[in-house]
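The structure appears right after this line, and notes come after that.
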Amino acid sequence: MFLALRELAFARTRFGLMGAVIALIAVLMVLLSGLSSGLVVDGVSGLMRSPIGAIAFSEGTKTDSAFTRSEVTRDQSEAWAAQDGVADAELLGTAIVNARNADGSALDLTLFGVEPDGFVAPAAAQGREIAAEGEAVLSSSARDEGVGLGDVITLDRLGTELTVVGFTADQRTFGHVDIAFIPLTTWQEVHAGALAGEQVDAAAYDVASAVAVRGLNGHVPGLAAGDAAAGTSARTITAAFDSSPGYTAELMTMEMIKAFLYAISALVVGAFFTLWTVQRTRELAVMRAMGASTRFLLTDGVLQAAVLLLGALVVGVAVGLGFGTLLQGTGMPFALESGPIVTGAALLLGLGLAGAAIATARIASIDPVTALGENR
């Protein structure tokens, strides 16, 4: 480490510029991780924060947007409820609608039709839970759109009125739209296309989008057995995230951007240490001629890279967290989570060290005779 630290101090300008580049990459990594996590929360927080263990769609439903394509019946829900290991199974209706608040302002809502006394219906942190037709409990984030307790929301085209009786404790969104939890019967009337006050066929009250399943003691029940009995296609709640509109495409895009960022980091660090090794070839050859082993020189070079990377990453992550904290209050889908950030920093460190190790491996080919001026 003596040689590595001396060189860091001697060429501090060059190493400082390289450290600044790595720090900027780390800032970008933090921001991309926060944006990726924020998109997940904004897209499927209504599912993430529910007690649902699995979702059963109608058999043969395509994975993408299954929540809006699937249609199941009460008989299928009862078949699931009778399965071993199932604590609860109930119908769940989903629909994305356009609506207007009492003041005429436009709202986009995802309607979740739930049994008022069922396990999917959320507790209200403000106001009360739904108890009768036409009532709704909205995501806490809906208050940012100007919605308040007691407001009457009117659905476009149908004229169905929903009275806001409560708000959840946290954000509950689906497809980047605030969720309104309403009684299942109200959702079924909306699903049937009934105008306000219009009677619907009795069969309309027998269908929903999917069956929400909760296993005993928090365990996921046997999905294959339940599908065989109910004629459905079930997935765990996590796997069902892919059925949210745009979820897979957004996540794949973000992962591809981050993959390129990690590759660029490894190439930048590798290129820097390649040039640095070339510039000090004669000094390294002198050390080889004085008896320094290849292992010593390689270790010294990699440790030098480690010091630079660790210092730059600490600074970059700290700056990124500072920017991220500011972004969280802007309404942008952004969420700082320690897991993705730690993983990203570890990848940047590991790939950077790999690039530096490949670059400094050039030391092994240095001929000590070079130090004696044999090539002059």
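The values are calculated or read from the model by the stated rules, or taken from the named source; none is laboratory data. None of these values were measured; they are calculated from a predicted model. Backbone-built Cβ (ideal geometry, glycine too); neighbour counts: all protein chains shown. Just the protein is used for accessible areas: all its heavy atoms, side chains included, with ligands, DNA and RNA removed. Shrake-Rupley method; radii C 1.70, N 1.55, O 1.52, S 1.80 Å.
Here are the numbers for the structure shown:
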| read-out | value |
| --- | --- |
| Scope region 210-222; condition open to solvent by 40 Å² or more (accessible area, probe 1.4 Å), under 20 Å from Val120 (Cβ atoms) and either of a type outside the set (Gly, Ala, Ser) or assigned to a loop (DSSP other than H, G, I, E, B) (or both); matching residues | Arg214, Leu216, Asn217, His219, Val220 |
| Region 232-252, subset surrounded by fewer than 16 Cβ atoms within 10 Å (Cβ to Cβ) and of a type in the set (Gly, Ala, Ser), residue nearest to Pro51 (Cα to Cα) | Ala239 |
| Residue list for region 136-171, restricted to those being in contact (Cβ under 8 Å) with a residue 60 or more places away in the chain and open to solvent by 30 Å² or more (accessible area, probe 1.4 Å) | Asp144, Asp170, Gln171 |
| Any hit, region 61-80, residues being touching a residue at least 12 places away in the same chain (Cβ under 8 Å), part of a loop (DSSP other than H, G, I, E, B) and open to solvent by less than 20 Å² (accessible area, probe 1.4 Å) | yes |
| Qualifying residues in region 204-244 (those that are under 14 Å from the mean Cα position of the chain (by Cα) and either of a type in the set (S, T, N, Q) or at pLDDT below 90 (or both)) - the one nearest to Ala89 (Cα to Cα) | Thr238 |
| Hits in region 186-207 (condition: among the polar types (S, T, N, Q) and open to solvent by 50 Å² or more (accessible area, probe 1.4 Å)) | Gln199 |
| Matching residues in region 288-310 - criterion: being farther than 29 Å from Leu24 by Cα and either free of Cβ contacts under 8 Å to residues at least 12 places away in the same chain or in a loop (DSSP other than H, G, I, E, B) (or both) | Met290, Gly291, Ala292, Ser293, Arg295, Phe296 |
| Cross-chain or 6+ apart pairs with Cβ under 8 Å, region 333-355 first and touching a residue at least 12 places away in the same chain (Cβ under 8 Å), then assigned to a loop (DSSP other than H, G, I, E, B) | Pro333/His176; Phe334/Gln328; Ala335/Gln328; Leu336/Gln328 |
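Rundown of residues vs (1) more than 10 Å from Val30 (Cα to Cα); (2) open to solvent by 60 Å² or more (accessible area, probe 1.4 Å); (3) in contact with a Pro (Cβ under 6 Å, 6 or more places away or on another chain); (4) not in a helix (DSSP H, G or I), yes/no style:
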| residue | (1), (2), (3), (4) |
| --- | --- |
| Val314 | yes, yes, no, no |
| Gly324 | no, no, no, no |
| Gly331 | yes, yes, no, yes |
| Gly339 | yes, no, no, no |
| Ala345 | no, no, no, no |
| Leu353 | yes, no, no, no |
| Ala357 | yes, no, no, no |
| Thr360 | yes, no, no, no |
